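Engineer: I have a structure here, written as structure tokens, and I will follow up with some questions on it.
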Amino acid sequence: MSAPASQGDGPELSPPRPDLSILRDDDEYEYRPRRGRFIKWGILLLLVAAAVFAFYRVPPDQYVPFLMPEVETTTVQRLTPEQASTVLTATGYTYARVRAAVGAKIIGRITELHVDEGDAVAAGDVIAVLDSDDLEAAVRRAQASLIESTARLADAIREEARQRRIVEAGVAPSADLDAAVTQLHVTRAQVGTARANLESIEAQLAYTVIHAPVDGVVIERTVEVGEMVAPGGFTSQQATGALVRIADPTSLEVEADINESFIARIQLGQPATIKVDAVPDHEYHGTLRQIVPTADRQRAVVQVKVTIDDRDARLVPDMSCSVTFLQEGVDETVLQAEPKILVAAEAVANDGGGDYVLLLREGRLERQPIELGLEQDGNQFEVLSGLRGGEVVVRQPTPELTPGLRVREAS
């Protein structure tokens with residue numbers, strides 16, 4: 001029997017029940033395993049397997065360069081007869097010794113232009129014609145003025161003779177004769193002035209026809225028909241003041257700059273070979289013609305001029321080139337000899353089977369048998385066969401350096 005409830009208390013509340021719905025079987029729920037964790041472990045295992053494979057199959061010196069032996073190297077030289085007799089080498093440009101920048105002597109407008117770049121011209125050929133209408137009119141006016149002055153002179157001569165007769169007859173005073181003589185002198189001077197004026201205008205008219213001053217080829221044209229030109233430059237002429245530039249290709253030479261410290265090595269008449277960048281497959285020959293007797297203070301160089309004895313049509317002005325000055329007395333047949341192949345004496349080894357060198361190709365050593373000739377300068381040998389020049393060889397081969405060994409070149 002339960003105890004009676006206290007008076008005044010309300011109905012008793014039951015405690016809240018836990019929600020057990022999450023424990024129910026749900027048909028829509030599907031179990032999914034954690035696949036991402038297994039994928040990560042699989043990738044890690046593959047990486048470890050690849051590292052182990054590389055370690056056992058690839059030599060360590062291929063992926064660890066500092067483990068490879070370090071060797072000093074030298075390059076096999078290919079010495080041409082020209083290089084053996086070289087005294088000095090300099091760079092320069094071709095230029096035409098006979099050249100001219102043709103400009104106008106008067107202001108005018110071009111009405112005719114008879115040449116273009118590349119055209120051959122002879123001295124006296126017409127290059128251009130300027131508008132001459134105003135000068136032709138001035139010539140006619142000057143001619144009329146000369147005719148008028150000549151007529152006045154004739155009248156003054158007659159008047160002087162008449163006054164002389166009258167004065168000698170005692171009819172007129174001598175003052176009239178003096179006036180007539182003075183007038184005669186004045187009119188003679190006026191005739192001279194009119195004639196000089198006509199000649200001046202005719203000379204101006206002749207300037208409207210511009211002629212080539214030298215034989216050569218037009219290498220530059222700076223104007224077109226209809227443009228205004230003037231002495232010293234006008235409009236498009238402002239850079240040079242020239243209508244055209246003419247150069248004689250038969251007078252081509254080379255201007256080269258020599259360091260003033262080396263100028264004592266060369267002298268007039270010294271033979272030289274010339275290599276032009278635009279004609280790489282040909283070598284020209286010349287002699288030192290002039291050493292300009294002044295130096296460039298800022299650049300510390302002296303300019304020299306070298307003739308081109310066997311020039312051809314491929315050469316044009318302003319081509320860059322190199323000039324090699326040779327020793328005096330070098331015969332042409334000597335320059336045509338085969339080049340020598342030279343190798344450092346310390347790079348040659350002999351293992352009982354003959355002389356050889358160790359070539360360095362793509363990081364590996366290769367044994368290369370060679371046939372030696374005479375010793376050169378005490379520290380080089382001439383190579384008769386086995387090398388062609390330009391190969392990189394080990395400077396001091398040792399027994400530890402075997403063919404096939406991977407090495408690294410010393411810096």
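Engineer: Out of the residues in the range 369-382 that are of a type outside the set (D, E, K, R), surrounded by fewer than 18 Cβ atoms within 10 Å (Cβ to Cβ) and touching a Leu at 6+ places or on another chain (Cβ under 9 Å), state the one that is farthest from Pro399 (Cα to Cα). First the steps, then the outcome.
Structural biologist: Of the residues in the range 369-382, the ones of a type outside the set (D, E, K, R) are 369-370, 372-374, 376, 378-381.
Among the residues that remain, those that are also surrounded by fewer than 18 Cβ atoms within 10 Å (Cβ to Cβ) are: 369, 372-374, 376, 378-379.
Pick out the ones that are also touching a Leu at 6+ places or on another chain (Cβ under 9 Å) and you get 372-373, 376.
Details: Leu372: 21, Gly373: 24, Gln376: 26 Å.
Across the range 369-382, the extreme among qualifying residues is Gln376.
Engineer: Ok, one more. Could you tell me which of the residues Gly192, Gly232 is free of Cβ contacts under 8 Å to residues at least 40 places away in the same chain, more than 30 Å from Thr287 (Cβ to Cβ) and small (Gly, Ala, Ser)?
Structural biologist: Exactly one of Gly192, Gly232 is free of Cβ contacts under 8 Å to residues at least 40 places away in the same chain, more than 30 Å from Thr287 (Cβ to Cβ) and small (Gly, Ala, Ser), namely Gly192.
Engineer: Would you confirm whether any residue within the range 373-388 is in contact with a Pro (Cβ under 7 Å, 6 or more places away or on another chain) and more than 30 Å from Thr273 (Cβ to Cβ)?
Structural biologist: No - not one qualifying residue is present in the range 373-388.
Engineer: For residues in the range 276-302 being touching an Asp or Glu at 6+ places or on another chain (Cβ under 6 Å) and closer than 14 Å to Thr94 by Cα, which is surrounded by the fewest Cβ atoms within 10 Å (Cβ to Cβ)?
Structural biologist: Looking at residues that are touching an Asp or Glu at 6+ places or on another chain (Cβ under 6 Å) and closer than 14 Å to Thr94 by Cα, I get His285.
Engineer: Among all residue pairs at least 6 apart or on different chains, which show Cβ distances below 6 Å where the first residue, located in the range 167-187, is under 21 Å from Asp155 (Cβ atoms) and the second is among the charged types (D, E, K, R) and assigned to a helix (DSSP H, G or I)?
Structural biologist: Filtered contacts from the range 167-187: Leu177/Arg164; Ala180/Glu159; Ala180/Glu160; Val181/Glu160; Leu184/Glu160; Thr187/Arg152.
Engineer: Kindly establish whether Val214 is surrounded by fewer than 12 Cβ atoms within 10 Å (Cβ to Cβ) and not in a helix (DSSP H, G or I). I'd like the intermediate steps shown before the answer.
Structural biologist: Working: surrounded by fewer than 12 Cβ atoms within 10 Å (Cβ to Cβ): no; not in a helix (DSSP H, G or I): yes.
In short, no.
Engineer: Of all residues in the range 51-110 being loosely packed, with under 14 Cβ neighbours inside 10 Å and modelled with pLDDT under 60, which is farthest from the chain's Cα centre (by Cα)?
Structural biologist: Within the range 51-110, the match that is farthest from the chain's Cα centre (by Cα) is Tyr56.
The values are calculated or read from the model by the stated rules, or taken from the named source; none is laboratory data. Quick caveat, the model's predicted, so the values are computed rather than measured. Don't worry about glycine lacking a Cβ; one is built from the backbone with ideal geometry, like all the others, and counts go over all protein chains shown.
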